[in-house]
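A.B. asks: Starting off with a structure, shown below.
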Amino acid sequence: MPRTVLLTGAAGQIGTMMRELLPRYGYDLRLFDLRPVDGAPEAIVAGLADRDAVREAVRGVDAVVHLAGIPVEASFEQILEANIRGTYHLYEAAREEGVGRIVFASSNHAVGFTPRPRDGGPLIPAGTPHRPDTFYGLSKCFGEDLAQLYWDKHGLETVSVRIGSCCPEPADVRMLSLWLSPADAARLFHAALTAEHVGHTVVYGSSANTRLWWDLTPARALGYDPQDDSEPYAAKLLAEEGEPDPADPAGARLGGHFVTDPPVWPH
Ligand code: NAI
Ligand code: 15L
């Protein structure tokens with residue numbers, strides 16, 4: 001089992017939750033972020049643009065959980081620097097330093113234009129074609145393809161986790177289908193870090209939601225056993241918001257409002 005894991009994006013929303021949860025599985029975390037990490041003066045504060053800092057950060061770790069980057073739509077240039085070039089720097093550093101595995105935080109927005117399944121229709125398979133809904137989603141397609149290249153060419157393994165909506169509670173009706181509870185996120189990252197012979201595997205990242213839109217079979221095959229379900233939040237959210245309008249692209253596609261939103265970064 002990998003012991004020392006580099007957590008990029010450690011100061012962020014998911015990074016903060018994983019700093020608390022992943023050590024319970026026995027990991028020693030090394031932290032990396034553009035911003036200082038609360039309560040962790042030992043964290044490496046640097047950007048993914050700094051190749052020397054990235055190389056030093058990966059030196060000696062067994063694996064990387066790569067969360068750092070812009071998590072929403074932005075201008076193409078911003079996405080290019082942080083998510084595309086930044087992820088390339090990380091993979092190059094990992095290759096040079098002989099790191100065995102990366103868990104890559106991909107996103108539902110890599111396939112955001114995929115129609116939501118109709119009631120009772122088949123779930124979206126992990127092998128569905130890329131259909132990014134934003135430059136942000138496009139950067140996640142790039143990250144998945146980069147991962148495939150580094151596996152095929154260099155034997156560096158990756159599990160690309162197309163995360164749904166990872167937050168303490170689902171905040172809207174769409175998230176009833178996509179919610180990934182923090183505890184299940186830790187379960188999934190642990191499975192992705194420890195499963196044998198993953199090569200490059202793409203999985204969806206959500207809890208075992210009653211209203212699931214996608215197929216969790218590939219994630220379960222890694223040993224992921226989700227324990228949470230968004231259903232207890234359904235009545236309240238549906239009363240507040242109602243059912244999504246299927247005539248509205250934002251209500252008909254997996255990516256929700258990302259399919260229609262303009263760039264909004266920084267907030
Ligand atoms: P966040 O914005 O809270 O955290 C991202 C962290 O990355 C921030 O602390 C930021 O300072 C850091 N960062 C940004 N650019 C950087 C750079 N160039 N160099 C070094 N650090 C940089 O985002 P969140 O929600 O924690 O997401 C983490 C990852 O998971 C992101 O890659 C996001 O795309 C992905 N994801 C998140 C989902 C969610 O529901 N929160 C859903 C799908 C994917
Ligand atoms: C993402 O990829 C974003 O990083 C996050 O902020 C959420 O908006 C999430 O997807 C979502 O689709 O709910």
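A.B. asks: Which residue out of Ala126, Ala82, Ala94, Ala68 is crowded, with 24+ Cβ neighbours inside 10 Å, touching a helix residue (DSSP H, G or I) at 6+ places or on another chain (Cβ under 9 Å) and under 30 Å from Ala250 (Cβ atoms)?
C.D. replies: Checking each option against the conditions leaves just Ala68.
A.B. asks: Hey, another quick one. Kindly indicate which of His190, His197 is in contact with a helix residue (DSSP H, G or I) (Cβ under 9 Å, 6 or more places away or on another chain), farther than 20 Å from Ala252 by Cα and away from ligand 2 (no atom under 16 Å from the Cβ).
C.D. replies: One residue alone meets the criteria, His190.
A.B. asks: Further, regarding this structure: How do the pairs read when you match residues in the range 12-34 that are touching a residue at least 60 places away in the same chain (Cβ under 8 Å) with residues anywhere that are near ligand 1 (Cβ under 7 Å from one of its atoms) and outside any loop (DSSP other than H, G, I, E, B), using Cβ under 6 Å and keeping only pairs 6 or more apart or on different chains?
C.D. replies: Cβ pairs passing all conditions: Ile14/Cys166.
A.B. asks: Does Ala234 satisfy the condition of being more than 30 Å from Val64 (Cβ to Cβ) and crowded, with 16+ Cβ neighbours inside 10 Å?
C.D. replies: The answer is yes for Ala234.
A.B. asks: Taking only the range 163-181 into account, find how many residues are within 9 Å of ligand 2 (Cβ to nearest atom) and under 14 Å from Trp214 (Cβ atoms).
C.D. replies: 7
Residue-wise test of (1) closer than 19 Å to Ile102 by Cα; (2) more than 9 Å from ligand 1 (Cβ to nearest atom).
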site	(1), (2)
Glu42	no, yes
Gly47	yes, no
Val58	yes, yes
Gly69	yes, no
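A.B. asks: I need every pair where a residue in the range 136-152 that is away from ligand 2 (no atom under 13 Å from the Cβ) and outside any helix (DSSP H, G or I) has its Cβ under 6 Å from the Cβ of a residue that is charged (D, E, K, R) and at pLDDT 95 or above, sequence separation at least 6 or different chains.
C.D. replies: Within 6 Å, no pair qualifies.
A.B. asks: In this structure, is Asp184 crowded, with 21+ Cβ neighbours inside 10 Å, charged (D, E, K, R) and at pLDDT 95 or above?
C.D. replies: Judged against the criteria, Asp184 is a match.
A.B. asks: Among the residues of the range 222-236, write down those that are in contact (Cβ under 8 Å) with a residue 24 or more places away in the chain, more than 16 Å from ligand 1 (Cβ to nearest atom) and in a helix (DSSP H, G or I).
C.D. replies: Glu231, Ala234
A.B. asks: Output the number of the condition that Leu80 fails; it satisfies all remaining conditions of (1) over 23 Å from Ala192 (Cβ atoms); (2) at pLDDT below 95.
C.D. replies: Every listed condition holds for Leu80 apart from (2).
A.B. asks: Something else now. Among the residues of the range 161-198 satisfying the criterion of being assigned to a strand (DSSP E or B) and β-branched (Val, Ile, Thr), which is nearest to Asn108 (Cα to Cα)?
C.D. replies: The qualifying residue nearest to Asn108 (Cα to Cα) is Ile163.
A.B. asks: Sticking with this structure for a sec: Test each condition in (1) within 16 Å of ligand 2 (Cβ to nearest atom); (2) in a loop (DSSP other than H, G, I, E, B); (3) within 19 Å of Tyr150 (Cα to Cα) for Gly86 and report the one that comes out false.
C.D. replies: (2)
A.B. asks: Looking at Arg162, Arg85, Arg187, can you tell me which residue is over 26 Å from Glu241 (Cα atoms), within 13 Å of ligand 1 (Cβ to nearest atom), without any contact (Cβ under 8 Å) to a residue 60 or more places away in the chain and charged (D, E, K, R)?
C.D. replies: Result of the check over Arg162, Arg85, Arg187: Arg85.
A.B. asks: Also, quick follow-up: Can you confirm whether the range 63-77 contains a residue that is in a helix (DSSP H, G or I) and within 22 Å of Glu169 (Cα to Cα)?
C.D. replies: Checked against the condition, which is being in a helix (DSSP H, G or I) and within 22 Å of Glu169 (Cα to Cα), the range 63-77 yields no hits at all.
A.B. asks: Here is a follow-up. Taking the conditions exactly as written (within 15 Å of Ile14 (Cβ to Cβ), more than 15 Å from the chain's Cα centre (by Cα) and touching a residue at least 40 places away in the same chain (Cβ under 8 Å)), does Glu169 satisfy them or not?
C.D. replies: yes
A.B. asks: Please indicate, with yes or no, whether at least one residue in the range 5-14 is near ligand 1 (Cβ under 8 Å from one of its atoms) and part of a helix (DSSP H, G or I).
C.D. replies: yes
The values are calculated or read from the model by the stated rules, or taken from the named source; none is laboratory data. Remember, predicted model here, so these are calculated numbers, not experimental data. Neighbour counts are summed over all protein chains in view; Cβ atoms, including those assigned to glycine, are modelled from backbone coordinates with ideal geometry.
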